[in-house]
Amino acid sequence: MSTAAPPQAAAPRGGAPATDKTRAERRLGLLLCAPAVIAMLLVTAYPIGYAVVLSLQDLDLRFPDEGGFAGLDNYVTVLTSGVWWQSVFNTAFIAVVTVAVELVLGMLIALAMHRALFGRGLIRTSVLIPYGIVTVVAAFAWFYAFDPDTGFVNSLPLIADDKAWFGDRFSSFAVIILAEIWKTTPFMALLLLAGLATIDEGLYEAAKVDGANAVQRFFRITLPLLKPALLVALLFRTLDAFRVFDTIFVMTRGALDTESISIVGYNQLIARLNLGLGSAVSVLIFLLVLAIAVVFVKGFGATVPRTPGGSR
Amino acid sequence: MERGSREYALWSVGLVAIFAFAMLPVLWLVSLSLKTPATVGDGRLVPEELTFDNYESLFTGGFDSPFLRPLINSVLIALIATLIAVTLASFTAYAIARLDFPGKFAILAGALAIAMFPPISVVGPLFDMWRTLGLYDTYPGLIIPYLTFALPLAIYVLVAFFREIPWELEQAAQVDGATPFQAFTKVILPLAAPGVFTAAILVFIFAWNDFVFAISLTSSDASRTVPAALAFFTGESQFTAPTGSIAAAAVLVTIPIVLFVLVFQRRIVAGLTSGAVKG
């Protein structure tokens, strides 16, 4: 590497006028960012703080006259309830299976798009259709496809004609997970495709010359170099999968023990109007998501892109 | 030669499989929406007899119909949220891409944190705040959370695009005699437009897709959007399942978005992947 000074960086900016200019630039920068930052704080940071306050109170809108400070009672109630822990299990189960399957599918689709012999446009179209469709609509589509009264799945070979998919917990999960995979694999595939595009083709040529076969090339070149993109995609999709709500709401409304943590939160807050208990659930969900993000960033070394399009 | 043609055959099978899997649920909805109540359970992909009754029923009653009002709500709320979010994000992205000021990276990191934020965590407090402020079951009540949760995505896409713009052209134009205003509108705006448009598409799809806020912060057709309305659809009478009308409504909200996504597919792919690659 040369020792040449970075161009421009150290260029003297001169006396007072330049300092004024810098100051003006700073002020303009902060001013331009202010509206977006204020909006984001107002709708996320403030409500989360408010949720903490609400969660410490005995606040049930159906009985507005009762109530008062409850300390950590709401948290004790939630953390000692079977419903909460079951919903945590359900959510983790759905998230792990969904993300694992779509990682494999997304990788196959991304490799297919990257190395497309022909029909690259057709794959891109196929991938973007699920992305464009409203989650609720997709959930209805799969619900109606599996429901014995309106579906076609039960008339397929190897499947019992009267299989009641939404009649027991794990077959409900199967359909919920299928619908989630269908809807979100495109996102995974596109992120991985963008990662593949950054890998130097020359490496593959060199490996071929050295006699590496396709499998070796994938595990020795593609996978290690794809790691940053892979971790970002996994982080995004895992956190997204933990929010699963729409599909479950449409398909089972949480019946038969299929509640996710978001469904439990919704039921407490909006259906039962128990703001105290519901807010405790909200805060716990927030902490859970935060913990997962921390594990990804600290544990796996996922580096979130701080400067999009740049390298830092 | 032998190996080549086998590869092509395998590849074709894969292509068809991917396409079929993507299209299957959509085709099933279209099929259900065209079936009569008597044949809705026959399990056939191609309906035996076609009917448009399901589509008609969505609009009978005009504004009191189960579908028209939510559709108008969805379009207006998503459009307004998109307009505001993209405007605010453009300011922020311009500042981050071009100006030097402290707190730049804190803003980007904060935006990223919000992109991962679980909406259900703020639904309760917003529900309570909105009732106090009179925003519950109104347009702004949904527009505000939508634009906020879409801001991170918009900022990231726009920063990535703005970084690529050769800003020297602005000065070059001024050297050539253009006024600062001309330099901005004639040179910079055309270069920035594709990025702004891409961000707008992604924000619109996000707002159009939302369900959690839509069912939690609305209570009537005054502001209920299509996804929320769909979940509360009932049959024409207690004894008819709403399958046909839900399918018809689902098809109507899906077709424009799918066409839109397909027309702008390159832009969407570029937008979704910008900033997510470099570690």
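Where a number appears in this text, it was derived from the coordinates with a stated rule and is not lab data. All values derive from a computational prediction rather than experimental measurement. Heads up, the Cβs are rebuilt from the backbone with ideal geometry, glycines too, and the neighbour counts pull from every protein chain shown.
Structure values in brief
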{"read-out": "Overall form of chain B per C-alpha gyration tensor (a/c, 1.5; a/b vs b/c)", "value": "oblate"}
{"read-out": "Rough spin-label spacing in nm, given labels placed 7 Å along Cα→Cβ, for B:PHE105 and B:ALA193", "value": "3.6 nm"}
{"read-out": "Burial ordering of B:TRP167, A:TRP182, A:TRP142, A:TRP84, fewest other beta-carbon atoms within 10 Å first", "value": "B:TRP167, A:TRP84, A:TRP182, A:TRP142"}
{"read-out": "Which of B:VAL40, B:VAL157 has the fewest Cβ neighbours within 10 Å, and the rest in rising order", "value": "B:VAL40, B:VAL157"}
{"read-out": "Pairs of Lys in the protein assembly as shown closer than 28 Å at Cα, counting only those 8 or more apart or on different chains", "value": "15"}
{"read-out": "Inter-label distance, nm, simple model (7 Å from Cα along the C-beta direction), A:THR19/A:SER171", "value": "7.8 nm"}
{"read-out": "Extreme residue, positive dipole direction of chain A, given options A:VAL137, A:ASN154, A:THR185 (C-beta unit charges)", "value": "A:THR185"}
{"read-out": "FRET efficiency estimate (nearest 0.05) - Cβ-Cβ, B:ASP64 to B:LEU27, R0 25 angstrom", "value": "0.20"}
{"read-out": "Value of relative contact order over chain B, rounded to a whole percent, pairs C-alpha under 8 Å and six or more apart", "value": "28 percent"}
{"read-out": "Förster-model FRET efficiency, 60 Å R0, A:LEU61 and B:GLU48, C-beta, rounded to 0.05", "value": "0.75"}
{"read-out": "Additional length obtainable on full extension of the chain from A:ALA271 to A:PHE218, 0.36 nm per residue less Cα span", "value": "14.1 nm"}
{"read-out": "Tensor-based shape of chain A (alpha-carbon gyration tensor, a/c under 1.5 rounded, otherwise prolate or oblate)", "value": "oblate"}
{"read-out": "Dipole magnitude (debye, nearest 20) for chain B, charges at Cβ of Lys, Arg, Asp, Glu", "value": "680 debye"}
{"read-out": "For B:GLU56, B:GLU168, order by how many other beta-carbon atoms lie within 10 Å, fewest first", "value": "B:GLU168, B:GLU56"}
{"read-out": "Computed E for A:ASP73/A:LEU42 - FRET, C-beta separation, R0 45 angstrom, nearest 0.05", "value": "0.95"}
{"read-out": "5 angstrom amide H check on A:GLN57, placed H, neighbours 5+ away", "value": "A:ALA70"}
{"read-out": "Within the range A:73-299: Cβ-based charge dipole about Cα centre, in debye rounded to nearest 20 (Lys, Arg +1; Asp, Glu -1)", "value": "580 debye"}
{"read-out": "Mean ellipticity per residue at 222 nm, deg cm²/dmol - from DSSP H runs of n ≥ 4 across chain A, formula -39500 (n - 2.57)", "value": "-20000 deg cm²/dmol"}
{"read-out": "Prolate/oblate/rounded call for the protein assembly as shown, Cα gyration tensor, a/c under 1.5 rounded", "value": "oblate"}
{"read-out": "Simple Cβ-charge dipole of the protein assembly as shown, Lys/Arg +1 and Asp/Glu -1, about Cα centre, in debye nearest 20", "value": "2180 debye"}
{"read-out": "Dipole axis of the range B:61-273 (+1 Lys, Arg; -1 Asp, Glu on Cβ), positive-most option in B:ILE165, B:ILE144, B:PRO190", "value": "B:ILE165"}
{"read-out": "Coil-residue trypsin sites (Lys or Arg not before Pro) of the range A:101-143, DSSP, other Cβ within 10 Å capped at 12", "value": "A:ARG115"}
{"read-out": "Dipole axis of the protein assembly as shown (+1 Lys, Arg; -1 Asp, Glu on Cβ), positive-most option in A:ALA39, A:ALA241, B:SER31", "value": "A:ALA39"}
